[in-house]
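Encoded as structure tokens, here's the structure I'll be asking about.
The values are calculated or read from the model by the stated rules, or taken from the named source; none is laboratory data. Just so it is clear, the model here is predicted, and its values are computed rather than measured. Cβ placement follows ideal geometry from the backbone for every residue including glycine, while neighbour counts extend to all protein chains displayed. Areas reflect the complete protein model, heavy atoms only, side chains present, ligands, DNA and RNA absent. Shrake-Rupley method; radii C 1.70, N 1.55, O 1.52, S 1.80 Å.
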Amino acid sequence: MEPPVRLQKFLAMAGIASRRKAEGYIAAGRVTVDGKISTAMGQQIIPGKQTILFDNKKVEAKEKPVYILLNKPKGYVTTLSDPQGRPIVTSLLHGIQERVFPVGRLDLDTTGALLLTNDGELTQNILHPKFEVHKTYEAQVKGHPSHAAIRALENGIFLENKKTAPAQLRIKRKNKRNTLIIITIHEGRKRQVKKMFQAIGHPVQSLKRLAYGKLELGNLQEGKFKLLHQKDIKMIFFKEKALQTKR
Ligand code: URA
């Protein structure tokens, strides 16, 4: 159950008016709590438990939106529960009261940037193909892909009868047996990065998401999270010129 809040604060959080204006509405007898007009300033109410009406219309409790960037470790699932009892990513969010959920998914063995929020609208925008949110990954792949293979992935290849959208790839490092590649895509098909490299014969050995748009993981440690601000949210929608779809 939610903690009690002052009535004017509740009205303000629900977007009815500023706190001061809400006090005016209360004083004017326009607000009822469980059917009784409330004019006592500072009355405490319990959101979700008591019925608040403003001008005879129900006021819905709104949770404060929170935005979190987590560096997901291996072995955590990005669902809110797991029938197999594996640990869930939200168990890492110590001290967060709001009920947040992951924006999209990362495989069990994928690490890195995972956004979590209780803002359903933002979640939909990030996941909607129309907004083409760029996601950048660091993939360690087996062997050494040829330039032709890299170019094929950049231009798009057929996965399950559908061509992938243009991608951007950069070879970061070559070791004896594998290659570290930075890849940016703006689609969100299930296990897409792994399938793309599998398709050119260089399976992914480890995968880490580095960024959504220009919102980067930076030096956030694995298993740690940070709260984001509005300016960070804007960075999510930043697009690399080379990958922008011409409309
Ligand atoms: N692509 C994958 O293959 N796996 C992920 O977890 C994310 C993108």
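With just the Cα atoms defining each centre, how far is region 1-47 from region 128-186? Give it in Å.
Each part's Cα centre sits 53 Å from the other's.
Could you provide, to the nearest whole Å², the per residue accessible area of the chain with probe 1.4 Å?
Computed with neighbouring chains in place, this is 58 Å² per residue.
If you don't mind, another one. Once the dipole of region 5-58 is set up with Lys and Arg at +1 and Asp and Glu at -1 on Cβ about the Cα centre, which of VAL31, MET13, MET41 lies farthest towards its positive end?
So the residue we want is MET13.
Now for a separate question. Name all residues of region 1-36 having a backbone nitrogen under 13 Å from the label point set 7 Å from the Cα of HIS94 along its Cα→Cβ direction, giving them as ranges.
None, by backbone N distance to the label point.
I would also like to ask the following. Which of these, THR117, THR136, THR39, has the largest mean-square fluctuation under a Gaussian network model of the chain (Cα springs below 10 Å)?
Most flexible of the set in this elastic network: THR39.
Relative to the present Cα-Cα distance, how much length would full extension add between LYS162 and SER81 at 0.36 nm per residue of separation?
Fully extending the segment from LYS162 to SER81 adds 26.0 nm.
Quick one: if you stick a label point 7 Å off each Cα along the C-beta vector at GLU222 and ARG173, how many nm between them?
The two pseudo-label positions are separated by 1.5 nm.
Need one number: % antiparallel among DSSP beta bridges in the chain, to the nearest 5.
90
For HIS229 and ALA199 in the same chain, what is the full-extension length gain: residue separation times 0.36 nm, less their Cα-Cα distance, in nm?
This chain segment gains 7.0 nm when fully extended.
Sticking with the crude label model, points 7 Å out along Cα→Cβ, report the distance from VAL5 to LEU180 in nm, one decimal please.
4.5
Once neighbouring chains are kept in place and the probe is 1.4 Å, which whole percent of the accessible area of the chain is contributed by carbon and sulfur?
Result for the chain: 50 percent of the exposed heavy-atom area is carbon or sulfur.
Sticking with this one: Would you calculate the separation in nanometres between label points at GLN43 and LYS130, each defined as 7 Å from the Cα along the Cα-to-beta-carbon direction?
If labels sit at GLN43 and LYS130, their model points lie 4.2 nm apart.
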